[in-house]
Ligand SMILES: Cc1ncc(COP(=O)(O)O)c(C=O)c1O
């Protein structure tokens, strides 16, 4: 077969920013029959109501373009049900093909060439390629100390001096679990009205630290909150997520997406998932119990670890992370090797599932790392 790399092909030139881009490495193939503790997904699947609603999908719902009516209202209703201090309306909600698509759309809508994106390090890996796609400059301030504290003072100073176009706050942060209080986030957003402060709350359910009950987009119009049904609700493969912000911001961000980017399966499943909040709440509760159980084991056996917000933790095994990753995989368990990530040398990230799943991980890990 012809070697495409080495042979000459006369093709149009792509944009320079795209040619130079390091693609984001998404989950590998062949994960479905394994215990997936590598990408922080729900480890037991969605509510039975979601499965039922998908099984009952009609021919029309497949052959006609998707309809979204009522979904934004449903999101608002479920957020208010969870916390009656939330004060938002449906014009402040945007529906996206996963939060990944919302992030990309925000950069597309707001990031000019050479604009600045401010974030922290290490954090979720998709912010950087989205900024690079727009030709933006990136400033990533490291978390502080062994406990990965949020670099609050440095962020505030940089923000005041440079007014970056976008500030990305992952709260709790993936992969360090670092938590930032809603009051501090609002304080940050008041420092520069020219900065769009994007608060990625993908793992908020595990801490309850959402900024939403503390704000009003009329007085804090430069803040956008991201929520997804991938993790707690277990809809990762269907791809649906939400951006919540001032109606003008949501309107602008929605201009760069296609009219039917979110498919009907995702919409139907989202209604069913939002109608069964108790299923999500009980899964979160189970994960939090499993978190306490595994934390106890680490403490008892003096395993170097870092565990904070979110359904994941960091571990520093005695053996090389790559070896641990391979050996766990042979026992049917996937984890994420973080050895090459800045400031995380020698570590692995493990998602938290149920207590039984954590017991399975712990037995395998003890053998692999001779604990
Ligand atoms: C912090 C963070 N934000 C966003 C995403 C993407 O979420 P979604 O599945 O809704 O695209 C992830 C997925 O791992 C994540 O960890």
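The values are calculated or read from the model by the stated rules, or taken from the named source; none is laboratory data. Computed from a predicted model, the values in this text were never measured in an experiment. Cβ atoms come from the backbone with ideal geometry, glycine included; neighbour counts cover every protein chain shown.
Please tell me if residue 67 is at pLDDT 95 or above and either in the same structural domain as residue 314 (by TED's automatic domain parsing) or part of a helix (DSSP H, G or I) (or both). Spell out how you get there, then give the answer.
Numbers: at pLDDT 95 or above: yes; either in the same structural domain as residue 314 (by TED's automatic domain parsing) or part of a helix (DSSP H, G or I) (or both): no.
No: the conditions fail for residue 67.
Every residue, every condition in (1) touching a helix residue (DSSP H, G or I) at 6+ places or on another chain (Cβ under 9 Å); (2) within 16 Å of the ligand (Cβ to nearest atom); (3) over 30 Å from residue 63 (Cβ atoms), yes or no:
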position	(1), (2), (3)
239	yes, yes, no
246	yes, no, yes
250	yes, no, no
253	yes, yes, no
275	yes, no, no
289	yes, no, yes
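Taking the stated definitions as given, is residue 56 touching a helix residue (DSSP H, G or I) at 6+ places or on another chain (Cβ under 7 Å) and without any contact (Cβ under 8 Å) to a residue 40 or more places away in the chain? Full working, then the answer.
Working: touching a helix residue (DSSP H, G or I) at 6+ places or on another chain (Cβ under 7 Å): no; without any contact (Cβ under 8 Å) to a residue 40 or more places away in the chain: yes.
Considered against the rule, which asks whether it is touching a helix residue (DSSP H, G or I) at 6+ places or on another chain (Cβ under 7 Å) and without any contact (Cβ under 8 Å) to a residue 40 or more places away in the chain, residue 56 comes out as no.
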Looking only at the range 277-294, decide whether some residue is in contact with a strand residue (DSSP E or B) (Cβ under 9 Å, 6 or more places away or on another chain) and in a loop (DSSP other than H, G, I, E, B). no
Determine whether residue 235 is in a loop (DSSP other than H, G, I, E, B), more than 15 Å from residue 103 (Cβ to Cβ) and in the same structural domain as residue 139 (by TED's automatic domain parsing). yes
Among the numbered criteria (1) surrounded by 22 or more Cβ atoms within 10 Å (Cβ to Cβ); (2) within 16 Å of the ligand (Cβ to nearest atom), which one does residue 257 miss? (1)
Condition met for residue 229 (more than 16 Å from the ligand (Cβ to nearest atom) and either at positive phi or surrounded by 23 or more Cβ atoms within 10 Å (Cβ to Cβ) (or both)): no
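Quick check on residue 65: is it away from the ligand (no atom under 16 Å from the Cβ), surrounded by 21 or more Cβ atoms within 10 Å (Cβ to Cβ) and either within 24 Å of residue 205 (Cβ to Cβ) or touching a residue at least 60 places away in the same chain (Cβ under 8 Å) (or both)? I'd like the intermediate steps shown before the answer.
Working: away from the ligand (no atom under 16 Å from the Cβ): yes; surrounded by 21 or more Cβ atoms within 10 Å (Cβ to Cβ): no; either within 24 Å of residue 205 (Cβ to Cβ) or touching a residue at least 60 places away in the same chain (Cβ under 8 Å) (or both): yes.
Against the criterion (away from the ligand (no atom under 16 Å from the Cβ), surrounded by 21 or more Cβ atoms within 10 Å (Cβ to Cβ) and either within 24 Å of residue 205 (Cβ to Cβ) or touching a residue at least 60 places away in the same chain (Cβ under 8 Å) (or both)), residue 65 does not qualify.
Okay, residues lined up against (1) surrounded by 12 or more Cβ atoms within 10 Å (Cβ to Cβ); (2) under 24 Å from residue 28 (Cβ atoms); (3) more than 19 Å from the chain's Cα centre (by Cα):
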site	(1), (2), (3)
295	yes, no, yes
298	yes, no, yes
304	yes, no, yes
312	yes, yes, no
317	yes, yes, yes
326	yes, yes, yes
338	yes, yes, no
Which condition does residue 83 not pass, out of (1) within 24 Å of residue 256 (Cβ to Cβ); (2) surrounded by fewer than 18 Cβ atoms within 10 Å (Cβ to Cβ), if it passes all the others? (1)
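Within the bounds of the range 169-184, is there any residue that is part of a strand (DSSP E or B), within 16 Å of the ligand (Cβ to nearest atom) and either touching a residue at least 40 places away in the same chain (Cβ under 8 Å) or not assigned by TED's automatic domain parsing to the domain that holds residue 271 (or both)? Please lay out each step first, then the result.
Step one: filter the range 169-184 for residues part of a strand (DSSP E or B), giving 169-170.
Now restrict to residues that are within 16 Å of the ligand (Cβ to nearest atom): 169-170.
Pick out the ones that are also either touching a residue at least 40 places away in the same chain (Cβ under 8 Å) or not assigned by TED's automatic domain parsing to the domain that holds residue 271 (or both) and you get 169-170.
Within the range 169-184, one or more residues are part of a strand (DSSP E or B), within 16 Å of the ligand (Cβ to nearest atom) and either touching a residue at least 40 places away in the same chain (Cβ under 8 Å) or not assigned by TED's automatic domain parsing to the domain that holds residue 271 (or both).
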The one condition in (1) within 16 Å of the ligand (Cβ to nearest atom); (2) buried (at least 22 other Cβ atoms within 10 Å of the Cβ); (3) not in a helix (DSSP H, G or I) that residue 209 fails to fulfil: (2)
Go through (1) assigned by TED's automatic domain parsing to the domain that holds residue 94; (2) part of a loop (DSSP other than H, G, I, E, B); (3) within 25 Å of the chain's Cα centre (by Cα) and name the single condition residue 54 misses. (2)
